[in-house]
Amino acid sequence: MISIIIAFHKGRNYLKDCLDSIRNQKYKDIETIIVKDMKALDSSENIDELISEYLDDINVKVFELKNKTGVSAARNLGIENAKGEYVYFLDSDDYVMEDTFTNLLEAVDTPPDGLKLSKNEIKFVYGRIFHTWFMRVAFNIEQGNVDEDEKLIEENPEKFADAVDYKFAKCNRIEEVTCLGTLYNRDFLNKSKIRFDEEQKLYGDVTFLVNVFAKDGQYSYCKDSIYVKRYHNDEINLPSIDKLEDENRDDLMAKAYIDAFRICREKKVTFEIKDALAKIFAKFYIDDFSRRFHDKKDQVTDEKIKIFSEALKEFDKSSFKGLGVFEKKIIKAGAAADKEKIKKWSNIRLIKNKIIVMFSSRKHLYRTLNVYIFSKMKQKDNWIIFESFVGRNYSGQPKYIYQYLQKNYGKKYKYIWIVNDKKLEIDGKHTKVKRFGLKYYYYMTRSKYWVNNMRQPYAFPKRDSQIMLETWHGTPLKRLVFDMDDVHSANPKYKQIVYKQSRKWDYLLSDNGFSTEVFQSCFMFDKEKILELGYPANDPMYDKNLDVKAAELKRKIGVPLDKKVLLYAPTWRDDNMYGAGEYKFELALDLNRLHKEFGDEYVILLRMHYWVVDQLDLNGLEDFVINVSKYSDITDIYLISDICMTDYSSVFFDYANLRRPILFYMYDLEKYRDVLRGFYLDINKDLPGPILTTNDEVVDALKNIDEIKRNYNSKYETFYNRFCHVDDGNAAKRVCEKVFK
Ligand code: C2G
């Protein structure tokens, strides 16, 4: 039998996935020991009910850790109560694949080639550890969730076959030295009296593992037994132990090294382990600790220098072998606890690295010039930066705010547009600046105002006196940031990143009361800073001469005046990508069929989302389909469209201002709703038009569009009152008066 030991203190949703993964195991002879850390337990999370759903299925036994706290003590309590031949530690936020245990046990019975062991000689068997941001349903080994180190194992299997290499030498940080992913013979642990150090709240795995290796343990391994370690995609609300802010972290780390080095010495553990640990420690000391003198001055106390010096003294000289000159100096000064010298050498090393980085790329050079020159220059109080969809377009709220200011304040301000392509047409007198060029840094740093409709670059420094107006780009239907359980897009650090970026927003524009509510939760944002003033980009929809304007636009875009216009504007799919900001899209709309059915009456405007890079093949459909994906301003497209069809894109909230029919072609509804995003609205109740899931239904809807209009009349009215109630054609004026006073 295998005893699976799970220490729990927080994170009910993660635990559910973890228990499900145990229930899915092919190997059934298990007991699941859950140890609740009562002192650390989040009392708002009732997990008893959850656990009760698994009791018999996975043979659950619950224990409470009452007088002590911490994962080390919890795991020890688990070992004490375990009955299995083997124990396996599984963290409550991680999970295993369905054949994880079968594979490990097979490696006990039939060790890999080259290991001649009998079953009872084997003290532990390890498998691989993959890292992911995703929950089980979305985890896909092939799809690049696996980290680079693990990919190297595929190419160098011998690195995996060597336990010291895999469990120690491969690690870059002490946090990666882990007892996880491994089956331990319980008899062996008991006879050798191997337990976790209960004082060690953060790095208990290190000495545990060194002890396991010290006992001349024979081991086996299996490359196909996989333990899936989940990164927490919400480090703000649920940090992993690894990221937990703990004032004792440094002390505990130093203690882990000192204890580990001593065990190595006393128990004559192979020097390779000590060397591997020394390397990880030196890396930490040089790249992190010694840099704090420059980054976070207050954290470097004499006491800390002293405890690390104790740990560094445990090093053998031979462990310094691979280090560079400056690095060796830092370590030497650290061992001697010589504060001034540590400072001096780390400073020299930093300057050297900065110079190398500065000349490594144009971007780094500009950044340096920005920090040392532009940011020292005086701020210009009448300069305004405008950027729409990360420099792609001249559109959205920034465009209409700009136009309002141009018209009403003219020369009072200097208007700077950030663009990707200088050919982008922008009316009025302005300065056009290429995104991330040298002038970009210059203007961004000197301008008092930034007006953006997406997030600003993560690391761009903002002066306290600068004002950023984040206008955003739509009322949200699909869940955003902190309202999402899992993040499936190219950048899984989304939550932390958005959190930091949004702390720099001085104002966040909202189109309606609903958005004002959502923005507070999804961005963890302060209500006081939300301006519920409507969307300037929707102002043109209230233009008195809408028909004249629309005809003008049709001529400009090349849309026949005698046909009805159907706009199809779907959104992107988080999981279907080439890379960050580059998404695939497979058109699920049967254009040929629509052509046959409606070619005489309609033209279709195809508008792909700005993240989508796939080209569409429109051969033979030239007189029926117009690709307006590259057209800058979607507001213009709304004005000329008689019907708008979308899926989960926010476009319909804006379009509804026109009170024209809206169709929802949600052909992949289940996946989108249940796995990728989830919605803020009850889509069966709140939408102002029908949900269509097949091409047949799309055709039917177009044939019966008048009936749909009638049937949805009252829903549309309710929708309009809820989401379009602020817009009236004067949003730009309200925003400008508020922000620019
Ligand atoms: N958009 C567009 N063309 C599309 C889809 C969207 O031009 N085919 C523009 C519209 O201005 C729309 C905005 O991008 O309002 C947001 O598009 P969504 O499809 O909703 O997607 P996303 O960029 O993920 O933003 O709160 C809104 C959310 O952040 C959604």
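Overview of values
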| item | result |
| --- | --- |
| Of all residues in segment 321-356 being among the β-branched types (Val, Ile, Thr) and surrounded by 16 or more Cβ atoms within 10 Å (Cβ to Cβ), the one that is farthest from Thr368 (Cα to Cα) | Ile331 |
| Criterion violated by Pro398 - all others in (1) surrounded by fewer than 16 Cβ atoms within 10 Å (Cβ to Cβ); (2) under 31 Å from the mean Cα position of the chain (by Cα) satisfied | (1) |
| Residues satisfying the stated conditions in segment 631-643, i.e. within 11 Å of the ligand (Cβ to nearest atom) and buried (at least 21 other Cβ atoms within 10 Å of the Cβ) | Ile634, Thr635, Ile637, Tyr638 |
| Check on Val628, more than 25 Å from Pro688 (Cα to Cα), open to solvent by less than 30 Å² (accessible area, probe 1.4 Å) and either in contact with a helix residue (DSSP H, G or I) (Cβ under 7 Å, 6 or more places away or on another chain) or within 9 Å of the ligand (Cβ to nearest atom) (or both) | no |
| Hits in segment 560-599 (condition: farther than 22 Å from Ala550 by Cβ, away from the ligand (no atom under 15 Å from the Cβ) and either acidic (Asp, Glu) or outside the structural domain of Asn619 (by TED's automatic domain parsing) (or both)) | Asp590, Glu597 |
| Filter result (acidic (Asp, Glu) and crowded, with 18+ Cβ neighbours inside 10 Å) within segment 371-395 | Glu387 |
| Yes/no for Val565 being at pLDDT 95 or above, part of a loop (DSSP other than H, G, I, E, B) and surrounded by 15 or more Cβ atoms within 10 Å (Cβ to Cβ) | no |
| Counted residues, segment 532-559 - those being open to solvent by 10 Å² or more (accessible area, probe 1.4 Å), within 16 Å of the ligand (Cβ to nearest atom) and out of contact with any Ser or Thr (no Cβ under 8 Å at 6 or more places or on another chain) | 3 |
| Helices (runs of 4 or more DSSP H) contained entirely in segment 143-215, each with at least 1 residues that are in the same structural domain as Val228 (by TED's automatic domain parsing), surrounded by fewer than 16 Cβ atoms within 10 Å (Cβ to Cβ) and touching a helix residue (DSSP H, G or I) at 6+ places or on another chain (Cβ under 9 Å) | 148-155, 157-161, 186-191 |
| Restricting segment 88-112 to residues that are over 33 Å from the mean Cα position of the chain (by Cα) and touching a residue at least 40 places away in the same chain (Cβ under 8 Å), the residue that is most open to solvent (accessible area, probe 1.4 Å) | Glu106 |
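Per-residue answers, yes or no, for (1) touching a Ser or Thr at 6+ places or on another chain (Cβ under 6 Å); (2) open to solvent by less than 30 Å² (accessible area, probe 1.4 Å); (3) not in a loop (DSSP other than H, G, I, E, B):
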| residue | (1), (2), (3) |
| --- | --- |
| Leu616 | no, no, no |
| Gly620 | no, no, no |
| Met645 | no, yes, yes |
| Asp654 | no, yes, yes |
| Tyr667 | yes, no, no |
| Asp674 | no, no, yes |
| Leu681 | no, yes, no |
| Lys685 | no, no, yes |
| Pro688 | no, yes, no |
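The values are calculated or read from the model by the stated rules, or taken from the named source; none is laboratory data. Here the structure is a predicted model, which means the values were calculated and not measured. Every residue, glycine among them, receives a Cβ derived from its backbone with ideal geometry; neighbour counts consider all protein chains shown. Only protein heavy atoms, including side chains, enter the accessible area calculation; ligands, DNA and RNA are left aside. Shrake-Rupley method; radii C 1.70, N 1.55, O 1.52, S 1.80 Å.
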